[in-house]
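No lab work stands behind these numbers, since they all come straight from the coordinates. From a predicted model like this one, the values you see are computed outputs, not experimental measurements. No Cβ is skipped: glycine too gets one built from the backbone with ideal geometry, and neighbour counts run over all protein chains shown.
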Amino acid sequence: MPTAKEFFKSDFSSDLVFENTLTANGDGISFPIITKVTIDLEHNSASVSAYIDSQERVFDIAVSVLNNLSSILDTPKTAKFSYSMPGDDALQPSAYRFTGRVCFYCAATVDKPTRDEFVDKARKHGLSILFRDAAYAIARTAADTPLAFISHDSRDKDLIARPLAHALQHLNCPVWYDEFSLKIGDSLRESIERGIAACKKCVVIITPHFLSNSGWTKSEFNAVFSKELHEGKHAILPVWSGVSRADVYAYSPIIVDRYAGKWEDGADALASKLVTSIRA
């Protein structure tokens, strides 16, 4: 499972990041802290994050970071760069606006009442504070872990698969869907096998295109069916669109009697029904 430190390293990867090391000093503290200034070039704004690799005195260390915000925010100013959109004047590091957001990634699990008091006090000084600790890492990992694999024919992507995947995501039901889960260079076979193995359920979108495809979709279906046999419990959640019982029976007599969702209900209504079965 990813740790708070790993999220500290990977978050804001689409922005321009300037990293530095600060020594937190004061009241008996002398502790090195990795800090980052993150510049959102599109919105001309900057935020600060820091990783606190300590199990003790987390809030004292956080105070030290806040006391050094000015020097932390000066880090990009030493860099030799400028940025502009075509036709715009170049922006220098000093031109970026600090949003007041400071995010602390912590190795320890911070005390919630103390955290809330800290955040409230900082808000009165125009700062927006976030603490992302070990408990945050657990919750975020759970939220990012796909619960269902969506198997579909690529010809049904625009009309059915993509709208359904987005509808499920909007209901806080993360799914393994190729456009969400694959990166350039990934092995398609290995990624699909991992997705099927990791997910509790597999939503199989059965259409005339799906039934006529003897390539990837057939391989996916076989893998999903093998998952059912191996785990000894139903994993397939069929969705029918434009097919009859006879069509499905000819493809797989075993699933023809499985209660199926109907695409004709619409993406949102279908997703609501699927979520119940996915989380069961």
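For the chain, with the dipole built from +1 on Lys and Arg beta-carbon atoms and -1 on Asp and Glu ones, taken about the Cα centre, which of 78, 275, 41 lies farthest toward the positive end?
275
Tell me which residues come under 5 Å, amide H to amide H, from residue 24 once H is placed; ignore anything under 5 positions away on its chain.
Placed amide hydrogens put 31, 33 under 5 Å from residue 24.
Once amide H atoms are built 1.01 Å from N in the peptide plane, which residues 5 or more positions from residue 54, or in another chain, come under 5 Å H to H?
Placed amide hydrogens put 107, 108 under 5 Å from residue 54.
How large is ³J(HN,Hα), in whole Hz, for each residue of the stretch 239-245 in order, when computed from phi with the Karplus curve 6.51 cos²θ - 1.76 cosθ + 1.60 and θ = phi - 60°, using x for Gly and Pro?
For the stretch 239-245, the Karplus curve yields 10, 9, 8, x, 10, 10, 4 Hz.
Based on DSSP loop calls and a cut-off of at most 13 other Cβ atoms within 10 Å, the longest stretch of the chain free of exposed chymotrypsin sites (Phe, Trp or Tyr not before Pro) is what?
82-258
Can you give the helix-only mean residue ellipticity at 222 nm for the chain, where every DSSP H stretch with n ≥ 4 adds -39500 (n - 2.57) and the sum goes over all residues, rounded to the nearest 500 deg cm²/dmol?
Result for the chain: -11000 deg cm²/dmol, rounded to the nearest 500.
Excluding residues fewer than 8 places away in the same chain, name every one of the lysines whose C-alpha is closer than 26 Å to that of residue 157.
Straight-line reach from residue 157, under 26 Å: 183, 200, 201, 218, 227, 262, 273.
Placing unit charges on C-beta atoms (Lys and Arg positive, Asp and Glu negative, everything else neutral), compute the dipole magnitude of the chain about its Cα centre in debye, rounded to 20.
380
In nm, give the distance between the simple-model label positions of residue 179 and residue 245, each being 7 Å from the Cα along the Cα-to-Cβ direction.
With each label point 7 Å from Cα toward Cβ, the separation is 3.4 nm.
Would you work out which of 224, 151, 174 lies farthest towards the positive end of the dipole of the chain? Charges go on Cβ: Lys and Arg +1, Asp and Glu -1.
Value: 224.
Rule-of-thumb check for the stretch 104-222: C-alpha Rg over 2.2 N^0.38 Å?
Dividing the Cα radius of gyration by 2.2 N^0.38 Å gives 1.48.
Taking R0 as 30 Å, what's the FRET efficiency between residue 60 and residue 143 from their Cβ-Cβ distance, rounded to 0.05?
For residue 60 and residue 143, the calculated efficiency is 0.50.
Which whole-number percent of Cα pairs in the stretch 169-280 have a distance greater than 24 Å?
Above the 24 Å cut-off, the stretch 169-280 has 24 percent of its Cα pairs.
Return the sequence-ordered ³J(HN,Hα) values of the stretch 60-65 in whole Hz as given by the Karplus equation 6.51 cos²θ - 1.76 cosθ + 1.60 applied to θ = phi - 60°, using x for Gly and Pro.
So the Karplus estimates, Gly and Pro as x, are 5, 5, 5, 4, 4, 4 Hz.
For the chain, with a Gaussian network of springs between Cα atoms less than 10 Å apart, report the residue from 140, 189, 162 with the top mean-square fluctuation.
189
Whole number please: convex hull volume per residue, Cα atoms of the chain, in Å³.
185
Under the Kirkwood approximation applied to all pairs of distinct alpha-carbon atoms, what is the hydrodynamic radius of the stretch 4-141 in Å?
Answer for the stretch 4-141: a Kirkwood hydrodynamic radius of 15.7 Å.
What does the extension gain come out to for residue 125 and residue 170, with contour length at 0.36 nm per residue minus their alpha carbon separation?
Computed gain between residue 125 and residue 170 is 12.8 nm.
So, counting K/R as plus one and D/E as minus one, what does the shell of residues with Cβ under 9 Å around residue 28 add up to?
Overall, the nearby charge balance is -1.
Given 0.36 nm per residue, what is the gain on full extension from residue 135 to residue 154 after removing their alpha carbon distance, in nm?
Result for the pair: 3.0 nm of gain on full extension.
How much length is gained if the chain between residue 29 and residue 269 is pulled fully straight, taking 0.36 nm per residue apart and subtracting their Cα-Cα distance, in nm to one decimal?
Extra length available between residue 29 and residue 269 comes to 80.8 nm.
Along each principal axis of its Cα atoms, how long is the stretch 1-76 end to end? Whole angstroms, biggest number first, please.
Each principal axis gives a Cα extent; for the stretch 1-76 these are 41, 34, 15 Å.
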